[in-house]
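Okay, so here's the structure we're looking at.
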């Protein structure tokens, strides 16, 4: 297995060039998550009831999971698939490591 840095993959130098639509969709999700987190802070500041805060925290966690799923699916369809087509099987180990981190 060649471990030299190869910049010919779809994600040269560990960067991914996304379309404007892809960026917009991801940034919109992150903006909603930021709003949820600010809302949680406000609930703490206003001494909201614990259960209400927990429900909102659960919604924020679900939003982060949805963001991760969208980004992971795009990564598999583009970077991973392209690297496998080019015979760069080491991308599979990277994907497995990423999935293990996400499943903690």
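The values are calculated or read from the model by the stated rules, or taken from the named source; none is laboratory data. Here the structure is a predicted model, which means the values were calculated and not measured. No Cβ is skipped: glycine too gets one built from the backbone with ideal geometry, and neighbour counts run over all protein chains shown.
For the reader, a short list of remarks on this structure follows.
- Of all residues in the stretch 77-98, exactly one satisfies the criterion of being under 25 Å from residue 21 (Cα atoms) and loosely packed, with under 13 Cβ neighbours inside 10 Å, namely 77.
- Set 73, 57, 48, 63: member being outside any helix (DSSP H, G or I) and on the phi < 0 side of the Ramachandran plot: 48
- Residue pairs whose Cβ atoms lie under 7 Å apart, sitting 6 or more positions apart in sequence or on different chains, and linking a residue in the stretch 42-58 that is within 16 Å of residue 32 (Cα to Cα) to a partner that is surrounded by 10 or more Cβ atoms within 10 Å (Cβ to Cβ) and modelled with pLDDT of 95 or more, are 56/36; 56/39; 56/40; 56/43; 57/40.
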